[in-house]
1. Restricting attention to the stretch A:46-95, report how many residues are of a type in the set (A, V, I, L, M) and part of a helix (DSSP H, G or I).
2. In this structure, does B:ILE36 turn out to be within 9 Å of chain A (Cβ to nearest Cβ) and either more than 15 Å from the chain's Cα centre (by Cα) or not aliphatic (A, V, I, L, M) (or both)?
3. Search the stretch A:43-70 for residues that are more than 7 Å from chain B (Cβ to nearest Cβ) and open to solvent by 10 Å² or more (accessible area, probe 1.4 Å) and pair each with any residue that is assigned to a helix (DSSP H, G or I) and small (Gly, Ala, Ser) when their beta-carbon atoms are under 6 Å apart and the residues are at least 6 apart or on different chains.
4. Suppose the filter is at pLDDT 95 or above, assigned to a loop (DSSP other than H, G, I, E, B) and over 29 Å from A:HIS54 (Cβ atoms); does B:LEU3 pass it?
Number of protein chains: 2
Amino acid sequence: MKLIEAEIEKRLAASEGWKREDGKWIAKKYRFLTFIGAIQFVNQVAEASERLNHHPFISIDYKMVTLRMTTWHDGGLTELDFTAAAAFDGVYVRE
Amino acid sequence: MKLIEAEIEKRLAASEGWKREDGKWIAKKYRFLTFIGAIQFVNQVAEASERLNHHPFISIDYKMVTLRMTTWHDGGLTELDFTAAAAFDGVYVRE
């Protein structure tokens, strides 16, 4: 079920580094000291997203990883996007 | 050293699925049956790119992986881009 605007704003305010993009997306950039560190993070994100059955778009620009999410099924942002965002933040180890 | 236009065209013609993008990039999309298959490919691309010390931009859109390359140091496409392209094709296992 799509979240209403006020709920999205509240969840964004409570999160760190996640930004709204084009209305129905949230995105975050994670920076690493090495390319291998970035790849290890992507593997952990992959594992978490399989567990949640919710897969972000992932871009790897050398030492920077960008995650982007929406809930296709509901045509916008849902609780699941913020649950996944918290899970991905949880596996991020600042190097 | 940047390749001249005729050399780029020759190498593109000899490759499979690699396309020119914005003049100084080459890009290719690889499709997989599963998200996990896509992630395994990304790990092998990461290993090959560390070995070559040439890192593509990598995008993972669920079961599709896109690689994009250029040689920053030379401001365009070089032999190394096509060497890396062949290495990435070499680790791709059609599922």
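The values are calculated or read from the model by the stated rules, or taken from the named source; none is laboratory data. Because the structure is a prediction, the values reported are computed rather than measured. Glycine gets a Cβ as well: all are built from the backbone with ideal geometry, and neighbour counts include every protein chain shown. Please note that ligands, DNA and RNA were not included when accessible areas were found on the heavy atoms of the full protein model with its side chains. Shrake-Rupley method; radii C 1.70, N 1.55, O 1.52, S 1.80 Å.
1. Filtering the stretch A:46-95 for residues of a type in the set (A, V, I, L, M) gives A:46, A:48, A:52, A:58, A:60, A:64-65, A:67, A:69, A:77, A:80, A:84-87, A:91, A:93.
Going one step further and asking which of them are part of a helix (DSSP H, G or I), we end up with A:46, A:48, A:52, A:80, A:84-87, A:91.
The qualifying residues number 9.
2. On the way: within 9 Å of chain A (Cβ to nearest Cβ): yes; either more than 15 Å from the chain's Cα centre (by Cα) or not aliphatic (A, V, I, L, M) (or both): yes.
So B:ILE36 fits the description; yes.
3. A:LEU52/A:ALA84; A:HIS54/A:ALA84; A:LYS63/A:ALA38
4. Numbers: at pLDDT 95 or above: yes; assigned to a loop (DSSP other than H, G, I, E, B): yes; over 29 Å from A:HIS54 (Cβ atoms): yes.
Against the criterion (at pLDDT 95 or above, assigned to a loop (DSSP other than H, G, I, E, B) and over 29 Å from A:HIS54 (Cβ atoms)), B:LEU3 qualifies.
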